[in-house]
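The values are calculated or read from the model by the stated rules, or taken from the named source; none is laboratory data. Quantities reported herein were computed from a predicted structural model and do not represent experimental measurements. Here the Cβ positions follow ideal geometry from the backbone for every residue, glycine too, while neighbour counts run over all protein chains shown. Please note that ligands, DNA and RNA were not included when accessible areas were found on the heavy atoms of the full protein model with its side chains. Shrake-Rupley method; radii C 1.70, N 1.55, O 1.52, S 1.80 Å.
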Amino acid sequence: MKIGILGAGHIAEKMAKTIKYIGEKPYAVASRDLDKAKAFAKNFEFEKAYGSYEELLNDKELELVYVATPHSHHYDHIKLCLNHGKPVLCEKSFTQNAKQAREVLELSKEKNLYLGEAIWSRYMPSRAFANNIIKSGQIGEVKMVTANLGYNNMDRKDRLTNPNLAGGALLDVGVYSLNFIDMILDKPYTDIVTSCTYTDTGVDETDMITLKFDGGIIANAMSSIRVPTEQNGIVYGTKGFLIARNINNVDTIEVYNSDRKKIGQMPMPGVFTGFEYELSAAIRDVQAGKIESEEMPHSKILYIMELMDKCREEWGIVYPNEK
């Protein structure tokens, strides 16, 4: 499949390596800076380089576009791709808000074109490993889940602190904590209590989100661009618990009984960039004529966006272009 990348930054470089790794065609890249696009194309052996996104999307041979621009631009760039008749795999977070997500998801249906969110943890093998352990009954009935993802010094990056770029911890790292919880529980929350601290620019720096669910289940999601955390996802059951090490790229799952004795440890399959799973799923679904992936269906994309909107509403954070 001939794959194009819209944007030529760091995240695009990882996808460029992945395209070649899985044996697909690194076909075309576009940047607003033609020299940058040409350099990118040369470095990663792309056939074509374009100095505008429109030129890329007018290429009739292009079969799938990966959107690798900042959160603040995803809505416009997804629309641009779909309106040019191109299937889209868009980097997380999908859009700035649920209103934007709802609009482009409807456009995907209207155009009958694939539209997916590239949140790699949804597609990785570790997801099935964790769910199979839970289904086996080893840890009993799930009653509590915690998930956290935090890094230090990320607050120094303009992309993560600039309100005009939809900066903040939530859309960049908090989205992983929320997705981990949803992959485990797979049900809507019934109540939410949340708070955050703020950067000097007014976006969220460290977040705490507590969710309640039917069945006496509670979950806690934490994220930060200011402090490092151990980055674990923990699923607590009536007979024990499991720990998924490094929730946005799980490398090991450990299982403990009710006496806190380790009864199992499973290293996860190695990854190249980790993007190979989401990209392979997108290619599979485009070739099958589908408009969404089973791993991250449109309903889940919208659910997570609505949940993050609710958090930002509680925190009083509105991005400038939402006013």
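Remarks
- Selection within the range 207-231 - open to solvent by 10 Å² or more (accessible area, probe 1.4 Å), among the aliphatic types (A, V, I, L, M) and within 20 Å of the chain's Cα centre (by Cα): 208, 222
- Taken as a whole, the condition of being farther than 18 Å from residue 91 by Cβ, buried (at least 17 other Cβ atoms within 10 Å of the Cβ) and acidic (Asp, Glu) does not apply to residue 186.
- Considering each residue of the range 268-282 in turn, none proves to be at pLDDT 95 or above and more than 21 Å from residue 5 (Cβ to Cβ).
- The residue that is nearest to residue 51 (Cα to Cα), among those in the range 1-33 that are in a helix (DSSP H, G or I) and hydrophobic (A, V, I, L, M, F, W, C), is 12.
- Contacts under 6 angstrom Cβ, first residue in the range 140-153 being on the phi > 0 side of the Ramachandran plot, partner of a type in the set (S, T, N, Q) and at pLDDT 95 or above, 6 or more apart: 140/238
- Residues of the range 142-171 classified as open to solvent by 10 Å² or more (accessible area, probe 1.4 Å) and assigned to a helix (DSSP H, G or I), total: 9
- Exactly one residue out of 186, 191, 200 is at positive phi and free of Cβ contacts under 8 Å to residues at least 40 places away in the same chain: that is 186.
- Search result, residues across the range 141-155 that are more than 20 Å from residue 93 (Cα to Cα) and either touching a Phe, Trp or Tyr at 6+ places or on another chain (Cβ under 9 Å) or of a type in the set (Lys, Arg) (or both): 142, 143, 144, 145, 146
- Residue 66 meets all of the listed conditions (1) within 28 Å of residue 169 (Cα to Cα); (2) open to solvent by 10 Å² or more (accessible area, probe 1.4 Å) but one, namely (2).
- Selected residue [in a strand (DSSP E or B) and at pLDDT 95 or above] from 209, 139, 133, 181: 209
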